[in-house]
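Report on the following structure.
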Amino acid sequence: NRAGDVGEGCRTVPLAGHVGFDSLPDQLVNKSVSQGFCFNILCVGETGLGKSTLMDTLFNTKFEGEPATHTQPGVQLRSNTYDLQESNVGLKLTIVSTVGFGDQINKEDSYKPIVEFIDAQFEAYLQEELKIRRVLHTYHDSRIHACLYFIAPTGHSLKSLDLVTMKKLDNAISKSELTKFKIKITSELVSNGVQIYQFPTDDESVAEINGTMNAHLPFAVIGSTEELKIGNKMMKARQYPWGTVQVENEAHCDFVKLREMLIRVNMEDLREQTHTRHYELYRRCKLEEMGFKDTDPDSKPFSLQETYEAKRNEFLGELQKKEEEMRQMFVQRVKEKEAELKEAEKELHEKFDRLKKLHQDEKKKLEDKKKSLDDEVNAFKQRKTAAELLQSQGSQAGGSQTLKRDKEKKK
């Protein structure tokens, strides 16, 4: 325990006696055991590949669930959570199944609901984390820790699903064919840039077994909850017309390897990878989209408070700019409306003037016509009066001549 520099501003010093902080691992274990653990598995594969059976076999229980059919209009994700207890350790296990995956004629968008579901769990955790009053210690973490992708054992690699796949689901393949099938799948994953989980080898306690198991990926597994008598023992097995496959016989399938790696050795690493790698990447991208950064434009450290203040000032500036734009737009719209109203008023005045002039013209015509008619009436009256006068005069003249003739006769 020689004193020496470990890092800048830090040095190692010896202890004169027992202090007690070497019990921290025990404290951590006790606290973790009292709180319990959660583990979320996403099972992706066609209906009928034995996903539910494998889960029952892995956890040595019978999970109740509704059987899926091949008539789903689209891919739906069904989530079921179970409380398991083994010794004094509690596990809240969530199994998410992809109901209807691969059952549609058009399978182009089958992956979208799965990706959206995974992102939705990350988003829910992020929103809880960003709350002012958050309760992460009691929050049910629904982020997916492991995704088991089920491939039909057809020997056709990762090609499209078809009727041949469904017909060959119950067919077995030899050991040499299985090895070739694994090599073909691994090669196709690499050539298409698909990264699958590799068991960690940086921890010396599990480096050897994980390194060995990485060479066996992908696993070829068979699940069964039925026990058959083989020899003098009852074993989990599946009976086929051509023979019996023992679930826990490593010469028959990789079930034991999967259980060992998924549950007994690397469950905590999967949980840690979900939080420190996948969720952190999602969180970083999401916060960067929101404008949060760790450094300023000069690459100097930038605190969250400074980022918030800068973002707030930027938001207020944009808000003021938007308000000014809206004000200018409002003023412009008012001016345009005023101009439209003035133009309409001008048109109305012009129309009124035209109608007024037309009315005056019509009135003048009527007055002229009335005057003409009055003149004609007056002329007619004058002619009538003259005619009556002539007639009267004629009548008087005729009467005088008759009287004179009568006098002459008397004489």
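The values are calculated or read from the model by the stated rules, or taken from the named source; none is laboratory data. Since we're looking at a predicted model, the values are computed, not measured. Positions of Cβ are backbone-derived with ideal geometry, glycine not excepted, and every protein chain shown enters the neighbour counts. The protein model used for the area step is the full one, side chains on, heavy atoms only, and it has no ligands, DNA or RNA in it. Shrake-Rupley method; radii C 1.70, N 1.55, O 1.52, S 1.80 Å.
Surface calculation, 1.4 Å probe, protein heavy atoms: LYS92 sits at approximately 70 Å² accessible.
For SER87, SER395, give me the order by solvent-accessible area with a 1.4 Å probe, most accessible first, ignoring ligands, DNA and RNA.
Details: SER87 110, SER395 80 Å².
Order by accessible area, largest first: SER87, SER395.
Report the charge-dipole magnitude of region 24-73 in Debye, nearest 20, computed about the Cα centre from +1 at each Lys and Arg Cβ and -1 at each Asp and Glu Cβ.
On the way: 3 positive and 5 negative charges, 23 e Å.
In total the dipole reaches around 120 debye.
At the residue level, ILE144 shows approximately 20 square angstrom of accessible surface with a 1.4 angstrom probe and all protein chains present. Here the 3J(HN,Hα) profile of region 207-220, calculated from phi with Karplus coefficients 6.51, -1.76 and 1.60 at θ = phi - 60°, is 4, 5, 5, 5, x, 5, 5, 4, 6, 8, 5, x, 7, 9 Hz, Gly and Pro shown as x.
For trypsin sites (Lys or Arg not before Pro), the sites in region 31-72 that DSSP calls loop and that have at most 16 other Cβ atoms within 10 Å are LYS62. Distance between the pseudo-spin-label points of GLU362 and GLU289 (7 Å out from Cα toward the beta carbon): 7.0 nm. Only protein heavy atoms count here; on that basis, with a 1.4 Å probe, LEU366 has an accessible area of about 120 Å².
Report, in listed order, any pair from LYS51/LYS236; LYS131/LYS311; LYS182/LYS257; LYS236/LYS257; LYS31/LYS131; LYS112/LYS286 with a Cα-Cα distance greater than 22 Å.
The pairs that break the limit, which is 22 Å between Cα atoms, are LYS31/LYS131.
Roughly how many debye, to the nearest 20, is the charge dipole of region 228-385 about its Cα centre, given +1 on each Lys and Arg Cβ, -1 on each Asp and Glu Cβ, and no other charges?
Details: 37 positive and 35 negative charges, 259 e Å.
The calculated dipole for region 228-385 is roughly 1240 debye.
Rounded, prolate or oblate for region 241-374? Axes are the square roots of the Cα gyration tensor eigenvalues, ordered a ≥ b ≥ c, and the cut-off for rounded is a/c under 1.5. Oblate is the answer for region 241-374, as a/c is 1.5 or above yet b/c matches or exceeds a/b.
Please label the shape of region 171-278 as rounded, prolate or oblate, based on the square roots a ≥ b ≥ c of the eigenvalues of the alpha-carbon gyration tensor (a/c under 1.5 means rounded; beyond that, a/b larger than b/c means prolate, else oblate). Mind showing how you got there, number by number?
On the way: a/c = 2.45, a/b = 1.50, b/c = 1.64.
Note, shape of region 171-278 comes out oblate.
Among TYR308, TYR282, the order of accessible area from largest down is TYR308, TYR282, computed with a 1.4 Å probe on protein heavy atoms. Of the listed residues MET261, MET235, MET213, MET290, the order by accessible area with a 1.4 Å probe, largest first, is MET290, MET235, MET213, MET261.
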